[in-house]
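Asks: Have a look at the structure that comes next, please.
The values are calculated or read from the model by the stated rules, or taken from the named source; none is laboratory data. Remember, predicted model here, so these are calculated numbers, not experimental data. Note: ideal-geometry Cβ built from the backbone for every residue, glycine included; neighbour counts use all protein chains shown.
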């Protein structure tokens, strides 16, 4: 994953960056100048006005107006919304209850930026360069065991006639297997969702209980749905380890960073 030095600091997938002429994508961070609280979420302690300013500053970096975006109410599920022109601007200035309720979005419309917010959960970004379709998803442990990534690929196939082998995917910064200790509830759900949990539930010398590798779990889900492993890029950036760069709920943060993707 590439990290730029221009404020506000953002990250980019190398595989998706090959198509900069067709799509815009980025993952924001918590850093802007001396500000370490560059959150884009209305649900934290920052004032609504401050968050609106943060969103405008972030979009202006790319010469965009924030009204081109679509935010969603994330509910830790596996519903994927098909986004049309009429949704453009939803959730930009309102509290989340007025937004779409889903954890995934997909569209073939240009100049609509799909936004997902995180603070340890996995952001997934997708692009089919043949059918010109983009998608994004929010995969916490619940979304992962409910296989939201698979739901996104099914939408690509069933609605847009995509060949999964053509789809590029990015698995973004989130809490890593170095830090994500889980309890019995999560372990049970992982064992129900995956026939083979080797490499997904791991023992770690730092913890008494297993850790859950969200990155590997989501990679396997995408491969099982037909995505070429070579088309999947993993950021391998742990938000807990890099809480100076990203918001982390396990580090006690209320703020959220975001993943963004738009067809030009």
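Condition check ((1) buried (at least 20 other Cβ atoms within 10 Å of the Cβ); (2) touching a residue at least 12 places away in the same chain (Cβ under 8 Å)) across all residues:
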site	(1), (2)
7	no, yes
26	yes, yes
35	no, no
47	no, no
58	yes, yes
65	no, no
75	no, yes
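Asks: Any chance segment 46-56 includes a residue that's assigned to a loop (DSSP other than H, G, I, E, B), over 19 Å from residue 237 (Cβ atoms) and under 16 Å from the mean Cα position of the chain (by Cα)?
Replies: no
Asks: Does segment 189-210 contain any residue that is closer than 25 Å to residue 258 by Cβ and at pLDDT 95 or above? Outline the logic, then answer.
Replies: First pass over segment 189-210, keeping only residues closer than 25 Å to residue 258 by Cβ: none.
Checked against the condition, which is being closer than 25 Å to residue 258 by Cβ and at pLDDT 95 or above, segment 189-210 yields no hits at all.
Each row is one residue, and each column tells you yes or no for (1) in contact with a strand residue (DSSP E or B) (Cβ under 9 Å, 6 or more places away or on another chain); (2) over 22 Å from residue 117 (Cα atoms).
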site	(1), (2)
170	yes, no
174	yes, no
184	no, yes
192	no, yes
195	no, yes
201	yes, yes
230	no, yes
237	yes, no
260	yes, no
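Asks: Here's a follow-up. So residue 251 ticks every box in (1) in contact (Cβ under 8 Å) with a residue 24 or more places away in the chain; (2) surrounded by 15 or more Cβ atoms within 10 Å (Cβ to Cβ) but one. Which box is left unticked?
Replies: (1)
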